[in-house]
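The values are calculated or read from the model by the stated rules, or taken from the named source; none is laboratory data. Please read all numbers here as calculations on a predicted model, not as lab measurements. Ideal geometry is used to build each Cβ from the backbone, glycine not excepted, and the neighbour counts take in all protein chains shown. Protein only, heavy atoms only, side chains kept; ligands, DNA and RNA dropped before computing areas. Shrake-Rupley method; radii C 1.70, N 1.55, O 1.52, S 1.80 Å.
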Amino acid sequence: MSATTTPRTTVTERESRQVAEAAREQDWRKPSFAKELFLGRFRLDLIHPHPLPDDESVRRGEEFLAKLRAFCETAIDPARIEREARIPDEVVAGLKELGALGMKIDPGYGGLGLTQLYYNKALALVGSVSPAVGALLSAHQSIGVPQPLKMFGTQEQKDAFLPRCARTDISAFLLTEPDVGSDPARLATTAVPDGDDYVLDGVKLWTTNGVVADLLVVMARVPKSEGHKGGITAFVVEATAEGVTVENRNAFMGLRGIENGVTRFHRVRVPAANRIGPEGAGLKIALTTLNTGRLSLPAMCAGAGKWCLKIAREWAAEREQWGKPVALHEAVGSKIAFIAATTFALEAVLDLSSQMADEDRNDIRIEAALAKLYGSEMAWKMADELVQIRGGRGYETAESLRARGERPVPAEQILRDLRINRIFEGSTEIMHLLIAREAVDAHLSVAGDLIDPDKPLSAKARAGANAGVFYAKWLPKLVAGPGQLPLAYGEFKHGIDLSGHLRYVERTARKLARSTFYAMSRWQGRMETKQGFLGRIVDIGAELFAMSAACVRAERLWREGEHGREAYQLADAFCRQARIRAEELFDRLWTNTDELDRKVVRGVLGGAYTWLEEGILDPSGEGPWIADATPGPSTHENARRPFASRSGRPDGDGH
């Protein structure tokens, strides 16, 4: 079959939504600070006083961080990884000996049993040295085999696979396909039941760790048949199984040491015992895994912010222009202030979300998603500002700087490396929609049938009655609150006054909820198409969440007597910056070019502006936009490259 005639899985928009909705966690069994925030209720009691780890977890965590820091300082050469576009085998072997593969795995299975808080601190540390190594460890533990087995695996599966993942085996997560990104309803990889096995056929794209992995989590569609519910299902697959071929190792703008590839499955037999959870539960398992798994990305983003701040401080104090250090020129100084304040806030969001995940008292699905969204966007901006502060040296590679005798600062590299975080594990656009869906869940649960065109009149009548009761109680509470009382949150005042920022969060949360209600009343069933509006709603919520976290963290540090005044100053600066961004977003809720933009897009797609493209040459070359993913035997040499152990032999069975 030619590359241009690849069969496409045809799925309607409604079918796609139904698949995504079925994969959601439907219930809210625990309180959620962020969910309440979007409903106009500022539940400061859910995050203040700031939750703290217990002494034993701190002792174990700090002990491991000290070992990891020493290893990173002596055994990881980030310049070599960037130059060779590979993580050396001896680095991975050393990480295995440290136990870094099993940071989140219970000691009973050979892991370290670190908390989410210290796991993220470890990723921030490693990622600051080499984001590629950070990505290797994160993909292995946050979304690879360990996390879904920890949450959904049988005891037999845990006994069989977790000891391997803790010490020797690298794992990967395979969901994306050449023609399937954020729309899993179109998943084409199949797992056909055959006796006590399933037979896998299909192609997976962007398989982080897939080139070097020993174990794979694979999402595949089981056909519905007698005795089989069917649906998208998760499996643990041995990377050395017959019929598994790594067809390509992909190369990227950044993260040049990442082992990401294309993997083909051709009649791969997988024991039914390797199925994670029941048939049809694959997407729910993936999404639930990501609830905390997403925190690994903001961990590395926070680490990147710290590095950007260090370089900005040292460089801007050393570099002089017009008689004084460039840091003292307001145009540069404002960038440094942004980096410092934002780094403080990102760490506040990360630590708060991580500790809440460890305590398991709150539902943090929205908090983790906001941390990923906000962290990836703000880290990219901080790195961009660092490049600007460094000027031409920011655009120059570290190797070039070294060659001409200057400090090899990889500013341009961190900009490239961070760019993927706005796409990894849910692009910014998808995160906006995911968070928006959770944020309006309370509305849809009581009034969803009113705007569903397929619901009968009887269902709409019931929904109308339920909505009337809900809104009669809810709307009046959005009129007034503690944010209008001058002395509210007075404990957040120690010379520098943060109480006003918390009053702003309380008032603005109510305003945000009113805006959401107005939009639902105005657009009803068309609300889900207003992605620009929903994205701004989510971004406002992210700013309010970050402000809350920053204030709570500053108060914690004040009470602990460690950098309290400085923390209050950073929190104050961040909140003032965030308030300006939030107000701009509110203005754009109702004053924007969304409708005009849609008209222009239709014109672009219809060819109305092709004349605008004249006068250039396209260097892209020929080829299909989406590669052929037709099931069948591989025609490629297997590019799988397992890491070698200290002895020089590949781990696993040596295939």
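Points to keep in mind about this one:
- When G632 is tested against (1) at positive phi; (2) open to solvent by 30 Å² or more (accessible area, probe 1.4 Å); (3) small (G, A, S), only condition (2) is not met.
- Any hit, the stretch 198-211, residues being touching a residue at least 12 places away in the same chain (Cβ under 8 Å), under 30 Å from I414 (Cα atoms) and aliphatic (A, V, I, L, M): yes
- Qualifying positions in the stretch 573-597 - outside any helix (DSSP H, G or I) and either open to solvent by less than 20 Å² (accessible area, probe 1.4 Å) or of a type in the set (V, I, T) (or both): T591, T593
- Among strands (runs of 3 or more DSSP E) entirely within the stretch 123-222, having at least 2 residues that are open to solvent by less than 10 Å² (accessible area, probe 1.4 Å) and charged (D, E, K, R) singles out no element at all.
- The set of residues in the stretch 147-197 being in contact (Cβ under 8 Å) with a residue 12 or more places away in the chain, small (G, A, S) and under 20 Å from G210 (Cα atoms) consists of A166, S171, A172, S182, A188, A191.
- Strands (runs of 3 or more DSSP E) contained entirely in the stretch 226-277, each with at least 2 residues that are farther than 30 Å from L418 by Cα and open to solvent by less than 10 Å² (accessible area, probe 1.4 Å): 231-238, 260-271
- Residue check, G654 part of a loop (DSSP other than H, G, I, E, B) and either of a type in the set (G, A, S) or at pLDDT below 95 (or both): yes
- Set R462, R437: member being assigned to a helix (DSSP H, G or I) and more than 22 Å from L287 (Cβ to Cβ): R462
- Whether a residue is assigned to a loop (DSSP other than H, G, I, E, B), hydrophobic (A, V, I, L, M, F, W, C) and in contact with a Cys (Cβ under 7 Å, 6 or more places away or on another chain) was assessed, and I87 does not pass this test.
- Looking only at the stretch 433-459, and only at residues there that are at pLDDT 90 or above and open to solvent by less than 30 Å² (accessible area, probe 1.4 Å), the one that is farthest from S521 (Cα to Cα): I435
- E359 satisfies every condition listed in (1) open to solvent by 30 Å² or more (accessible area, probe 1.4 Å); (2) out of contact with any Asp or Glu (no Cβ under 8 Å at 6 or more places or on another chain); (3) over 30 Å from T292 (Cβ atoms) except (3).
- Restricting attention to the stretch 289-324, the residues that are open to solvent by less than 20 Å² (accessible area, probe 1.4 Å), assigned to a helix (DSSP H, G or I) and under 16 Å from S353 (Cα atoms) add up to 9.
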